[in-house]
Structure formats: structure tokens, C-alpha cells
Amino acid sequence: MMDVKVLAIAPYEGLKEMILGLAEGQDMELRVETGDLQQGLKYAEEAASSGTDIIISRGGTAKLIQSRVAIPVVEIEVSGYDMLRVLTLAKGYPGKVAIVGFAQVVAGAAAVCEVLDMKISSYTVQDESGVGQVLQELREQGYQIIVGDVITVKEAEKLGLIGFLLTSGKESVLRSFQQARKWHALFEACKREYGMAYQVLQAEQAGVAVYDREQRQVFGNPYFNRQIAPFMDSEKIGRIVREILTEGTFHTMLEQAERIWRVSGYPLPGPDGPLAVLRIASGKSRDELRLRGASLVPAEAGFRAAQVAGNIVSHNSNMRHALDKAQSYRDQQLSVWISGEKGTGKELLAQFIHFGGERGLRPFLKIECGLASQDLWDMLLNEERNEELFGSLGRGTVFLRDIDGLGEAEQKGLADYLDKHTPAFQWIVSSREDILERTESGGFSAELYYRLAEVTLPLPSLRERKEDIEGLSLLYINEYNAKYGKQVAGLRDEAREALERFEWRGNIHQLRQVIEEAVLLAKGLYIEQGEISEVLSTRRMRTEYGKPDFDLSGTLEEIEQRIIQQVLMEEGMNQVKTAERLGISRTTLWRKIK
Ligand SMILES: Nc1ncnc2c1ncn2[C@@H]1O[C@H](COP(=O)(O)OP(=O)(O)OP(=O)(O)O)[C@@H](O)[C@H]1O
């Protein structure tokens, strides 16, 4: 206890002397200053920021300090003895006597007067500003002697009254020493306990931060401040904080600076309202995950996709029906099975369901079924390992893209997994349109289909919704005008008709590519029929099976792309078969076509 550092602030000089006199042998490092209110506060603030453990003071000054510093403030109380001394003195003095002060002091004085049958009136003031007026009135009523604390006595003397100061006696000062030691011991014990927790936080190899309601950071451990805060998007953090404060616990994964970050959060009651605690740990690198056949769709891209899909205006009733259904599946815990030909917008709709709904802030984990590595499936279906993948998904979405590409063993593994688990995340699946036929002929696990297809969303091919070709084309013309700095204003009617006659095996995806080429080719304000025919004739050759007439212009990489696209078409877009035919691994194929 030797080294408890105490600053005593005495509102009057006599108290300073007494404190110093009593301090000897008290096992404290004591400093005493004289100062009332603001002056006292100044001393206290300096001391609190330079290592003082405890402050001792009295009356209004003690109260003011208590409200402004973070270290304990012990008050020297006005004891019964103190009261008795000054009242005895005042009683013997000729003239009318009144006691003026705060409620606590006045109540004590009144009790003493009653016991000793003293006729001394008492007046309570709420705060310092009321003192002057009370004293004025007392003077008018003929009072001459005012008993009170430093502020009251000073005011009384200003008005020509006689002030009797309620001084603190030895007992009160000694009691304050005793209390200071007790409080210090308690404070130290707390500091030791919390100090340990604090050290742990400082050393954590994960970022821990606390945010308040206004999304202001109120705490951040060194890992957070150095490794995360410099590149973490504050807008994204703000959204997560809001979500934590309204929804409670929260898990997500964020892709930032080439890494996947696992984020978890929970609300915490704080002294000035609720706080949000965030823990952000580094997970796999983005490429590591991609090479296994999975990726995390960045929220920005997802929100954009959801917006595009939300704005789709279709003249086709099947498409409109699909969009309405997608909208209604948004915030439901149902596995959604989206089927349709290659390039019909299955993934776009999956993103619309996820990013357009309340799950939007949570992760959208996309798994390329035909390309997923053995290791990824192992991670996915093995309970000990899937924490790595699913641990931070919370109420996110797992999107199984092109599930038709899944081998028999993986289908069974997944069906078993679904049998045993009901995770918080949502499954969305995409497949070719003939999947039902395949389940009937035993080509695809019926069990898996019925587990995952709680609701279905069949998408029409572009051939079946020719009425939308013009609208989509204009959308893409606009997009590629911006990208290539062109000013194409539309399509000639004949050009549109040519587009409507085309077979569109690659659907919207293919239409997008055709429009891109046509915009680049366009010489005038409108895309002419000739320009469309030119683009389509090369496309047709690429999509007609059997006799590819290859365009050998361009770089090796471009030629390779054409070959891969051709073989993909011939294999009904089945990536597993395509990879086998080309003699490359599925991962290599996937890398090449991304
Ligand atoms: N209604 C639409 N409006 C505008 N663009 C669309 C629409 N539907 C799809 N697209 C675009 O068409 C392309 C193909 O869409 P998407 O990748 O979602 O199709 P998919 O059916 O999932 O393809 P795959 O069969 O290869 O998995 C994307 O560029 C997408 O943005």
C-alpha cells in the first residue's frame, strides 16, 4: 500500500494544514493543494492524467471533481462532531443564526439542533447559484450569522454577514484516509483482473473493435488498428454495426485486400447506450479459395446484380412469373432450385434473392460444382472441416452453381450432409433445365434434388422470350457505349429481326457478347443488319456442332478461348466432360474460362 498516490484538494487553507499534519505515518504518497471549485478541478485533472491514484476533497469541490475525472474521489465528510463544534460556537454568539447549505449538510445540522434543543433555522440550497439569493433574504430578515461550507461563507461575507465555516475535524480527515486506502485496494484488484483481459486483447492475432450507435470506433486493439482499419471500408463496417445493434449476433465473411476476413459481432450494453463488438480474423486468401472451386461474391457486385435484376422489365409472362417468385423467396429459409439453359440468368437471380433481401450483408459463397476440388468437397461435407467454410456464413447463402456437374459420390455425400444438418444459411442451386428427366432416368440423385428443390424457379431460354431481345440489346448497347466510348443509339428494325431469328444457344450471355461485338463494329448511329449478320455468322459457326470453322486471328490465348468455348458447347456446357476431353484438370479449365 506504500505507493498509493493521493492528491488532497483542500477548499480552505486550514484544512490543508490539518491534512498535512495527519498524513505522517499514513503509508501514502500525499500531496495537498488548496483550491476551491474550478481551481480544485484543475489540480484534479492534472493529477488524474499523471498517475495519481486517488483524490481527496470536500463538499461542492469534491462533487465537481467526481463528475469530471476517471479516478476515485473520496469526500471528507462533515461529521456530527464537526457540526456540533460549529453549532456550539454559533449558539454562544449574540445574534440571529442560520445554517445554509446542501440538503445533506442541512439535514445533519437540523438533527444536531433538535437533539440539543438549539433554536437555529436551516435553509437548503439546490446548487451554488441559489446561495446568493437565500443569503440576501436572510439578511433582510435580520440574520447576522451564517453557518455553512466554503462557498456559503464566502458569499455571506460578501453581503456583510458573519460566516461560520463548517470545518472538518481530525476524525473526518482520518476517515477519508482510511477510505482512500480501501478504495485504492478495490480499484487495484479490478485493474489486475481487467488488466489481464486487456493484455489478452492487446496480443490477439485478430482485430477486436467496439463501435457506438453513431458507428464511431470507441475501442480497437492493435491488430485491428494496424492490420484492418487502414483498408476496411468504413461504409461496410457502418452497415454491419447497424445490423448488430438491431439484429443481435452477426457472422459474415468479407473479401478485402485479396483476403477473406471472417467477421463476427454481438451487441454489448454500454454506459451511454448499446455498443457493437466486432471480431475480424483473417481467413484464407481469395485465390486459395478460388483454386478449390469456391469464391465469395463481393457485396458491391452482388448489390449491383440485385439492382439489375430488380429493374428487369420483361414482356414474357414466364420470365415475369420467375421474377415474382424470386422476389417472394427472398427472406425465406427455403432451398431454391433455379433451372434453365446456359446463360439464362440463373446466377443473376440467385444474387437477386440473396443481395436484394435481408441476407444481403451476409456472405454469398459460390461453389462451382463441376470444378470444385476434392479438397473443397472434403471441407464441405466433413464436419470437422466445414467450420472453415461455413463457420462465418451465419444466415448467408451457399450457391451451388451447375449442380449437374457433380459426380455420383459427391451427390451422395451432399445428400447425407443435408440429412444430418439444418444450417442457418440458405441453399440456392442452379442446374440445366433437364435435371428432372435426369433424376427419372437415374442420371442424378433424386434424393438430392428433392432435398434441395424446396421451391423451384425455371427460367425460359432466350428463344422462348424473343420479345425481350430488343430491350436487353438496348441495355447492353448502353453498357458498351460507356465502356468503349461509342454513341450507338439503337438497332435498325432489320437488325433486331435478325437477332430475333437467331437460335441463342448461349442465351442472354451470348446476346451480351454479340451486342458487345456489334457496338465495337458499328460505324453509324444505329447498328445495321449487316453488322449484326457479320457477328452472328461467326457465332453461328461457333455454335453449330461438328464443323467448327475457326477464326485463327488474335493471340494464342484468344484462339485457345475459342477452342474451349467450342468444346464446351459440344459437351452441352458440361465442364467435367470438357476438361476430360481437353486433357486438363477441371481447375485449369475453370481458371481459363473465368
Ligand atoms: N434479365 C437480364 N437482364 C440483363 N442481363 C441479364 C439478365 N439475365 C442475365 N443477364 C446477364 O447474362 C449473363 C449470364 O447470366 P448468368 O451468369 O446469371 O446466367 P447463368 O444461367 O447463371 O449462366 P450459367 O449457365 O453459365 O451458370 C450475365 O452477364 C448476366 O448479367
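When you scan the range 49-56, do you find a residue that is in contact (Cβ under 8 Å) with a residue 40 or more places away in the chain, assigned by TED's automatic domain parsing to the domain that holds Asp127 and crowded, with 17+ Cβ neighbours inside 10 Å, even just one? Spell out how you get there, then give the answer.
Of the residues in the range 49-56, the ones in contact (Cβ under 8 Å) with a residue 40 or more places away in the chain are 51-56.
So of that shortlist, the ones also assigned by TED's automatic domain parsing to the domain that holds Asp127 come out as none.
No, the range 49-56 has no match at all.
So Ser430 clears everything in (1) within 16 Å of the ligand (Cβ to nearest atom); (2) closer than 24 Å to Asn386 by Cα; (3) in a helix (DSSP H, G or I) except one condition, right? Which one?
Ser430 satisfies every listed condition except (3).
Examine the range 398-406 for a residue that is of a type in the set (A, V, I, L, M), surrounded by fewer than 23 Cβ atoms within 10 Å (Cβ to Cβ) and in a helix (DSSP H, G or I), and state whether such a residue exists. Write out each step before concluding.
If we filter the range 398-406 for residues that are of a type in the set (A, V, I, L, M), which is where we start, we get 398, 400, 403, 406.
Next cut, surrounded by fewer than 23 Cβ atoms within 10 Å (Cβ to Cβ) only: 398.
With in a helix (DSSP H, G or I) added as a condition, the list becomes none.
Checked against the condition, which is being of a type in the set (A, V, I, L, M), surrounded by fewer than 23 Cβ atoms within 10 Å (Cβ to Cβ) and in a helix (DSSP H, G or I), the range 398-406 yields no hits at all.
Within the set of pairs 6 or more residues apart or between chains, which connect a residue that is over 17 Å from Glu454 (Cβ atoms) and open to solvent by less than 70 Å² (accessible area, probe 1.4 Å) inside the range 419-438 to a residue that is within 16 Å of the ligand (Cβ to nearest atom) and part of a strand (DSSP E or B) with Cβ atoms less than 7 Å apart?
Arg432/Ser339
Please list, ordered by first then second residue, the pairs with beta carbon atoms under 6 Å, 6 or more apart or interchain, first in the range 289-307 and over 16 Å from Gly396 (Cβ atoms), second open to solvent by less than 40 Å² (accessible area, probe 1.4 Å) and among the charged types (D, E, K, R).
Within 6 Å, the pairs are Gly293/Glu368.
I'd like to know if the range 294-302 contains one or more residues that are among the hydrophobic types (A, V, I, L, M, F, W, C), in the same structural domain as Leu406 (by TED's automatic domain parsing) and surrounded by fewer than 16 Cβ atoms within 10 Å (Cβ to Cβ).
Yes, because at least one residue in the range 294-302 is among the hydrophobic types (A, V, I, L, M, F, W, C), in the same structural domain as Leu406 (by TED's automatic domain parsing) and surrounded by fewer than 16 Cβ atoms within 10 Å (Cβ to Cβ).
In this structure, is Gly195 surrounded by fewer than 18 Cβ atoms within 10 Å (Cβ to Cβ), of a type outside the set (Val, Ile, Thr) and not in a helix (DSSP H, G or I)?
So Gly195 fails the test.
Regarding the range 274-286, can at least one residue be identified that is part of a helix (DSSP H, G or I) and either in contact with a strand residue (DSSP E or B) (Cβ under 9 Å, 6 or more places away or on another chain) or within 14 Å of the ligand (Cβ to nearest atom) (or both)? Break it down into steps so the answer makes sense when it comes.
Taking the range 274-286 first, the residues part of a helix (DSSP H, G or I) are 286.
Still in the running and either in contact with a strand residue (DSSP E or B) (Cβ under 9 Å, 6 or more places away or on another chain) or within 14 Å of the ligand (Cβ to nearest atom) (or both): 286.
Checked the range 274-286: at least one residue is part of a helix (DSSP H, G or I) and either in contact with a strand residue (DSSP E or B) (Cβ under 9 Å, 6 or more places away or on another chain) or within 14 Å of the ligand (Cβ to nearest atom) (or both).
Looking only at the range 165-181, decide whether some residue is surrounded by fewer than 16 Cβ atoms within 10 Å (Cβ to Cβ) and polar (S, T, N, Q).
Yes.
Of a type in the set (Val, Ile, Thr) and closer than 18 Å to Phe425 by Cα: does that describe Val313? Working first, answer last.
Details: of a type in the set (Val, Ile, Thr): yes; closer than 18 Å to Phe425 by Cα: no.
Criteria not met by Val313.
Being assigned to a helix (DSSP H, G or I) and either more than 13 Å from the ligand (Cβ to nearest atom) or open to solvent by less than 10 Å² (accessible area, probe 1.4 Å) (or both) is the filter here, so list the residues in the range 320-340 that pass it.
Within the range 320-340, the first condition is being assigned to a helix (DSSP H, G or I), and the residues that meet it are 320-329.
Passing the criteria: His321, Ala322, Asp324, Lys325, Ala326, Gln327, Ser328, Tyr329.
What helices (runs of 4 or more DSSP H) lie completely within the range 1-95 and have 1 or more residues being of a type in the set (D, E, K, R) and at pLDDT 90 or above? First the steps, then the outcome.
On the way: elements: 13-23, 37-48, 59-66, 80-91.
Filter on the range 1-95 gives 13-23, 37-48.
I'm trying to understand the selection: among the residues of the range 501-525, which are acidic (Asp, Glu) and either open to solvent by less than 10 Å² (accessible area, probe 1.4 Å) or within 11 Å of the ligand (Cβ to nearest atom) (or both)? Before you say what the answer is, go through the steps one by one.
Start the filter on the range 501-525 by keeping residues that are acidic (Asp, Glu), which leaves 503, 516-517.
Result: Glu516, single match.
Could you tell me which of the residues Glu243, Glu247 is open to solvent by 50 Å² or more (accessible area, probe 1.4 Å) and assigned by TED's automatic domain parsing to the domain that holds Val218? First the steps, then the outcome.
Numbers: Glu243 fails: open to solvent by 50 Å² or more (accessible area, probe 1.4 Å).
On inspection, the qualifying residue turns out to be Glu247.
The values are calculated or read from the model by the stated rules, or taken from the named source; none is laboratory data. Fair warning: this is a prediction, and the values are worked out from it, not measured in the lab. All Cβ positions, glycine included, derive from the backbone under ideal geometry; neighbour counts span all protein chains shown. For the accessible areas, the whole protein counts, side chains as well, though only heavy atoms, and no ligand, DNA or RNA atoms are used. Shrake-Rupley method; radii C 1.70, N 1.55, O 1.52, S 1.80 Å.
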